[in-house]
Each structure stands twice: as C-alpha cells, then as structure tokens.
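The values are calculated or read from the model by the stated rules, or taken from the named source; none is laboratory data. Values in this document were obtained by computation on a predicted structure and should not be read as measured data. With ideal geometry, Cβ positions are generated from the backbone for all residues, glycine too; neighbour counts draw on all protein chains shown. These accessible areas exclude ligands, DNA and RNA; they are computed on the full protein's heavy atoms, side chains included. Shrake-Rupley method; radii C 1.70, N 1.55, O 1.52, S 1.80 Å.
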Amino acid sequence: MSKASRSRPSRTSSAAAGPARSPRSAPVPAGPGGSPCPCGRAEPYRDCCGRFHRGDAVAPTAERLMRSRYSAFVVLDVPYLLRTWHPTTRPAGLDLEPAMRWAGLEILRTEGGSAFHQEGVVEFRAHYVHEGEAGSQHEVSRFVRVDGLWTYLDGQNSGS
C-alpha cells in the first residue's frame, strides 16, 4: 500500500509499499496458537507473516511478500517494511499513523511472482478505518527479486 495521504494510502507507503500511515488492527499473537494472521490466511500470525517479520523465513512469492507487508502495517513493523522495499524506491523512513486501523486484505489478482519468476504483480484491496470512517485502498503493486529475495518496487493506486 502506498500511503502518503492522511486517510488513504498513497505512493509513499503502500500495503505493498505500505500505507504511509499506520495500520493497526491485529494484535501481536499471544498464547497457544496465537492471533489470526492479519493477511487473511488461516495460519496464526506467528506461523504465517510473523516468521517473515522475525527473519526466520523469507517470503517465497510476491503474493506472500505483499501479504507480509500488509501484516507489517497492521503490527507497525517499520523495519520489515523498509527491509523488503526495493533499494531504488525505498524511502529513508516511514511515519505510520497509529489512528489507521487496517481491517482486511483481498488479493484480486497475481501475475508472475512465483519461485520461478524474477518479477511479479499483485493487485489487492486493503480495507481500513480511519477516524471512524471506513475506506479501502485498491493498488496494483510490482515486485522484483534482489539477490534472490522478493522486494516491493512500486504500486499504482487504482482508486478506493
């Protein structure tokens, strides 16, 4: 998600890039099984995107990187967002907005981005609530490999 604007994600911070403001929706997992992963997969956060955030594993596909970046916005993991951003488009830092609550992710389309590709595209819609108002960010994000690892390159917002 590219979120530079105050209520809607923009180019500086995308879900893929990430919402430039703060995603805050799912708590960090606790207890047996942990919290559900914000990315929408059935696994608990700690076994799904949490392992990427901790550095225990790397995202094997562009879609998994997109999902893990969305989850990073939810749990406010700025270091992960910056680490997985392509070096040529990575901002110096991110200022996430704590009032932004990310409420769900829909993957609409993927193109390439598998273990056998060097590039990939993920189209998604990320839902949020900001200052009591519900909205969504629709983006087509591009991913490329750098030294064998998937990175977020950039994204084109397609409206809400």
Being out of contact with any Leu (no Cβ under 9 Å at 6 or more places or on another chain), in contact (Cβ under 8 Å) with a residue 12 or more places away in the chain, among the aliphatic types (A, V, I, L, M) and surrounded by 15 or more Cβ atoms within 10 Å (Cβ to Cβ), is that true of even one residue in the stretch 39-61?
-> no
Any idea which residue in the stretch 118-160 is most open to solvent (accessible area, probe 1.4 Å), counting only those that are in contact (Cβ under 8 Å) with a residue 12 or more places away in the chain, farther than 18 Å from Thr84 by Cα and outside any strand (DSSP E or B)?
-> Glu131
Search the stretch 98-115 for residues being at pLDDT below 95 and more than 15 Å from the chain's Cα centre (by Cα), and hand back the single one that is surrounded by the most Cβ atoms within 10 Å (Cβ to Cβ).
-> Ala99
The stretch 37-96, residues that are of a type in the set (Lys, Arg) and part of a loop (DSSP other than H, G, I, E, B) = Arg41, Arg90
Test set (1) surrounded by fewer than 19 Cβ atoms within 10 Å (Cβ to Cβ); (2) in contact with a helix residue (DSSP H, G or I) (Cβ under 7 Å, 6 or more places away or on another chain) - Asp95 fails condition number | (2)
Which residue out of Ser13, Ser35 is out of contact with any Gly (no Cβ under 7 Å at 6 or more places or on another chain), surrounded by fewer than 23 Cβ atoms within 10 Å (Cβ to Cβ) and at pLDDT below 95?
-> Ser35
